[in-house]
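The values are calculated or read from the model by the stated rules, or taken from the named source; none is laboratory data. Here the structure is a predicted model, which is why all the values come from computation and not from measurement. All Cβ positions, glycine included, derive from the backbone under ideal geometry; neighbour counts span all protein chains shown. Side chains included, ligands, DNA and RNA excluded: accessible areas come from the protein's heavy atoms. Shrake-Rupley method; radii C 1.70, N 1.55, O 1.52, S 1.80 Å.
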Amino acid sequence: QVQLVESGGGLVQAGGSLRLSCAASGSIFRINTMAWYRQTPAKGRELVATIISGDSTNYADSVKGRFTISRDNAKNTVYLQMSSLKPEDTAVYYCNALVQTTIASIGRNYWGKGTLVTVSS
């Protein structure tokens, strides 16, 4: 099995910064795409940013220019650097990874349990 554990959430004032981390562990052969999602009661779960194994990145329009996703393949870890935070960024942030557990296996999606980010105005 594979576990994803997020960290780095918390309370920050508008305009501030936070860095989220997500470490994957367990039976991992290769991690393909890694991503961050966020969820609120009003909007549900939405994609924030993705990064594939070749370091190609994509961002939701709402975070472009403010958030940066990166990964450390040696540590099986993905990061989300969040700057110029706004109250509307308040959400539970979830890590997602598409993981192959063996060389022959099809990639399977795994999720972390989430970390809360609260941005005060």
Exercise. Quick check: anything in the range 89-103 in a loop (DSSP other than H, G, I, E, B), modelled with pLDDT of 95 or more and more than 9 Å from the chain's Cα centre (by Cα)?
Worked result: yes
Exercise. Considering only strands (runs of 3 or more DSSP E) fully contained in the range 1-63, which possess at least 1 residues that are within 25 Å of residue 108 (Cα to Cα)?
Worked result: 2-7, 18-26, 30-40, 44-51, 57-59
Exercise. Checking residue 65 against (1) surrounded by 15 or more Cβ atoms within 10 Å (Cβ to Cβ); (2) without any contact (Cβ under 8 Å) to a residue 40 or more places away in the chain, which test does it fail?
Worked result: (1)
Problem set entry | Candidate set: the range 33-55, residues that are surrounded by fewer than 19 Cβ atoms within 10 Å (Cβ to Cβ) and in contact with a strand residue (DSSP E or B) (Cβ under 7 Å, 6 or more places away or on another chain); chosen: the one farthest from residue 116 (Cα to Cα) | 53
Seminar exercise, completed: Those residues of the range 70-84 which are over 15 Å from residue 31 (Cα atoms) and surrounded by 22 or more Cβ atoms within 10 Å (Cβ to Cβ) amount to 80, 82
For this session: Could you list, in sequence order, all residues of the range 8-31 that are under 14 Å from residue 70 (Cα atoms) and open to solvent by 40 Å² or more (accessible area, probe 1.4 Å)?
Result: 19, 23
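Of all residues being assigned to a loop (DSSP other than H, G, I, E, B) and not aliphatic (A, V, I, L, M) in the range 104-121, which is surrounded by the fewest Cβ atoms within 10 Å (Cβ to Cβ)? Just the residue, please. Explain how you work it out, then say what you get.
Looking only at the range 104-121, we keep the residues that are assigned to a loop (DSSP other than H, G, I, E, B), and these are 104-107, 112-114, 121.
Now restrict to residues that are not aliphatic (A, V, I, L, M): 105, 107, 112-114, 121.
Working: 105: 12, 107: 15, 112: 22, 113: 11, 114: 18, 121: 9.
Top of the filtered list is 121.
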